[in-house]
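Colleague: Provided herewith is a single structure, encoded as structure tokens, for subsequent inquiry.
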Amino acid sequence: MMNISLTFSSAIALFTAMVILASIPSMSVLTVSTRTITHGLTHGIWTTMGIVSGDILFLIVAIYGLSIFAGINIFFSLIKYIGALYLLWLGLSLWKKTPVNQILVKSNEKSSFIASFLMGFVITTADLKAILFYLSFLPAFLDLSSVSLMDTFIIILITIIAVGGIKFIYAFFSYKTGSVLKKNNNFKYINYVAGTMMIAIAFFLLFKT
């Protein structure tokens with residue numbers, strides 16, 4: 001099927017949401033920044049590629065995992081309410097996060113590009129909560145009962161540009177400054193925006209027919 005159920009406005013909203021979420025200082029941001037400082041910008045890019053690959057894997061599992069059961073109302077309703085509560089919890093957690101100072105990292109240890117890629121991939125796929133996140137997150141932007149291959153391709157492209165772009169910015173910033181900005185006071189506003197967005201999506205899912 002080459003039909004597209006993802007509307008232009010939903011694609012823009014999904015892209016914006018992913019940009020904001022990717023901007024939140026996290027373990028993936030810390031890993032990209034650390035690999036960049038200790039081994040160079042190219043390693044930061046390879047780590048970013050690993051992170052994006054892990055996200056794409058989870059997205060595919062979430063999309064086609066949910067689409068299989070989309071016709072079963074009880075199952076889909078259960079996922080919707082569990083997902084909404086999970087997103088609500090995530091949003092409140094982001095509001096409560098306390099920023100910390102930047103971290104300076106120096107190392108002359110040698111490493112391969114494959115190692116950097118695998119590090120990014122592993123830290124993403126090792127967090128199995130990401131599956132629950134995508135299961136909760138995607139229904140707000142896409143009708144999973146009519147998802148097509150073109151929809152999947154568009155979502156993957158959005159993920160590459162949004163998540164990959166933000167992680168690359170972190171890598172470039174770390175390369176230029178020589179410090180890992182894990183969580184800075186300036187980023188508390190990103191946490192507030194992302195937390196508010198998660199709460200809004202949670203309420204949207206709760207009242208969505």
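Colleague: Treat each spin label as a single point 7 Å out from the Cα along the C-beta direction, and report the Leu57 to Met150 distance in nm.
Modeller: 3.0 nm
Colleague: Between Ile160 and Ile12, take the C-beta separation as r, use R0 = 22 Å, and let me know the FRET efficiency to the nearest 0.05.
Modeller: Details: r = 16 Å, r/R0 = 0.72.
For Ile160 and Ile12, the calculated efficiency is 0.90.
Colleague: Continuing with the same structure: At R0 = 30 Å, how high is the FRET efficiency between Ala115 and Ile169 if r is their beta carbon distance? Nearest 0.05 is fine. Let's see the in-between values first.
Modeller: Details: r = 22 Å, r/R0 = 0.75.
Efficiency, from the Cβ-Cβ distance: 0.85.
Colleague: Starting with the highest mean, order 116-123, 155-162 by the number of other Cβ atoms within 10 Å, averaged over the residues of each peptide. Intermediate results must be reported in sequence, preceding the final value.
Modeller: On the way: 116-123: 20.1, 155-162: 18.0.
The packing order, highest mean first, is 116-123, 155-162.
Computed from the coordinates by the stated procedures, all read-outs in this text should not be read as laboratory data. It should be emphasised that the depicted structure is a prediction, and the values quoted were computed from it without experimental measurement. Counting neighbours? That spans all protein chains shown, and the Cβs are built from the backbone with ideal geometry, glycine included.
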